[in-house]
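J.: One structure coming up, written as structure tokens, with questions to follow.
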Amino acid sequence: MLLSSLKSALHHVRYLPLWSALTVVRWRSFESRSRGLGTTFGIIMRWFPPARRRFDREVSRVFPEMTRSDRLRLGQEMGRQMGRTLFEIYHDAEFQTQHHKFNGSGPGLDAMKDAQAKGKGVIIVSGHFGQWEAVRAVVKMHGLESGAVYRPNKNRHYERRIRAGIEAGGTPILATGHVGTRALVRHLRGGGIVSILLDEKYAEGIRLPFLGHDALTSLSAAQLALKYDLPMIPAYGIRRDDGNTFRVEFEAPIPHTDEVTMTRAFNDSLSARIMENPEQWYWMLRRWGNV
């Protein structure tokens, strides 16, 4: 009982700063609130030593020649980007209706619609890059709906808000694990669309190059695409310089070969996007760990 109470109190304490930041500006416009949370996260990334050290470790691995001042600037800008992204996910019901912000294009968009017209499922693969919920917003704009795979948050307050936001972007929402995997297979076999973020460390995965370094990577998306003959489409919601609009690009489906080759192709695709816009990737994932 005592342990449960302490755990609940700790959840409250950890959630309080974000709750405060969201609450004190709730009367302002959507864009102003988004920009405000971005500014807050940027300040944290610049001046909070644990976050800065973690960021520096990951960035230095990929950009060993980057100066400290450049890392500070990149970290602060990444914080701004992620603060805005988190705000938009928390308020996804409103975000998804702002169609004027999204410009979707690319051969993968037509491939997705063609597969759906034939009653086939679709696997969209992306990463913690730009605004990944913008991808599902464009799917909705075309009269379709994408579910999502996500990792539940241990903090019940974050979990409640984040899950509600993700559900607003499309259903079903499928938690990682055996139960979620079975539901995912049923959804795809029934002709559904699902979006998967593949850039987290996966302990049971295999080592594949990512940003020039081996990273434990899940093969699950490619395995499903091959087993059920589904298109696997990389897609990215790239935040434009104004901070409020997005260029959503659906790349051509990854050719069906084998699970390793296809997953490596996705890693190469996401790596190229990150190198073009490093401030738009969430560098705090511990992507490489002790690989």
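The values are calculated or read from the model by the stated rules, or taken from the named source; none is laboratory data. Keep in mind that what you see is a predicted model, and the values were worked out from it rather than measured. Cβ placement follows ideal geometry from the backbone for every residue including glycine, while neighbour counts extend to all protein chains displayed. Ligands, DNA and RNA are excluded from the accessible area calculation, which covers all protein heavy atoms including side chains. Shrake-Rupley method; radii C 1.70, N 1.55, O 1.52, S 1.80 Å.
J.: Select the strands (runs of 3 or more DSSP E) contained entirely in region 212-291, then report the ones holding at least 1 residues which are of a type in the set (Phe, Trp, Tyr).
T.: Numbers: elements: 213-217, 232-239, 246-250.
By residue number, 232-239, 246-250.
J.: Moving on to the next point. Could you say whether any residue in region 101-119 is in contact with a helix residue (DSSP H, G or I) (Cβ under 6 Å, 6 or more places away or on another chain) and open to solvent by 10 Å² or more (accessible area, probe 1.4 Å)?
T.: Quick first cut of region 101-119, residues in contact with a helix residue (DSSP H, G or I) (Cβ under 6 Å, 6 or more places away or on another chain) only: 102, 104.
Next, only the ones that are open to solvent by 10 Å² or more (accessible area, probe 1.4 Å) stay: 102, 104.
Checking region 101-119: at least one residue is in contact with a helix residue (DSSP H, G or I) (Cβ under 6 Å, 6 or more places away or on another chain) and open to solvent by 10 Å² or more (accessible area, probe 1.4 Å).
J.: Another question about this same structure. For PHE129, indicate whether it is over 27 Å from PHE210 (Cβ atoms) and either buried (at least 19 other Cβ atoms within 10 Å of the Cβ) or touching a strand residue (DSSP E or B) at 6+ places or on another chain (Cβ under 8 Å) (or both).
T.: Working: over 27 Å from PHE210 (Cβ atoms): no; either buried (at least 19 other Cβ atoms within 10 Å of the Cβ) or touching a strand residue (DSSP E or B) at 6+ places or on another chain (Cβ under 8 Å) (or both): yes.
Taking the combined requirement at face value, the residue does not satisfy it.
J.: Within region 104-144, restricting attention to residues that are of a type in the set (D, E, K, R) and farther than 25 Å from GLY243 by Cα, which residue is farthest from the chain's Cα centre (by Cα)?
T.: Here is the first cut: in region 104-144, the ones of a type in the set (D, E, K, R) are 110, 113-114, 118, 120, 133, 136, 140.
From what is left, the residues that are farther than 25 Å from GLY243 by Cα are 110, 113-114, 118, 120.
On the way: ASP110: 22, LYS113: 22, ASP114: 25, LYS118: 28, LYS120: 24 Å.
Among those residues, the one meeting the criterion is LYS118.
J.: Is at least one residue of region 99-119 at pLDDT 95 or above, out of contact with any strand residue (DSSP E or B) (no Cβ under 7 Å at 6 or more places or on another chain) and hydrophobic (A, V, I, L, M, F, W, C)?
T.: Yes, because at least one residue in region 99-119 is at pLDDT 95 or above, out of contact with any strand residue (DSSP E or B) (no Cβ under 7 Å at 6 or more places or on another chain) and hydrophobic (A, V, I, L, M, F, W, C).
J.: To continue, here is another question. Confirm whether ILE162 is open to solvent by 20 Å² or more (accessible area, probe 1.4 Å), within 15 Å of the chain's Cα centre (by Cα) and not charged (D, E, K, R).
T.: Values: open to solvent by 20 Å² or more (accessible area, probe 1.4 Å): yes; within 15 Å of the chain's Cα centre (by Cα): yes; not charged (D, E, K, R): yes.
Criteria met by ILE162.
J.: If GLY147 satisfies every condition in (1) in a helix (DSSP H, G or I); (2) small (Gly, Ala, Ser); (3) under 18 Å from the mean Cα position of the chain (by Cα) but one, which is the exception?
T.: Looking at each condition in turn, GLY147 falls short on (1).
J.: As an exercise: evaluate ILE193 against (1) surrounded by 21 or more Cβ atoms within 10 Å (Cβ to Cβ); (2) free of Cβ contacts under 8 Å to residues at least 60 places away in the same chain and give the number of the one condition it does not meet.
T.: ILE193 satisfies all of (1) surrounded by 21 or more Cβ atoms within 10 Å (Cβ to Cβ); (2) free of Cβ contacts under 8 Å to residues at least 60 places away in the same chain except (2).
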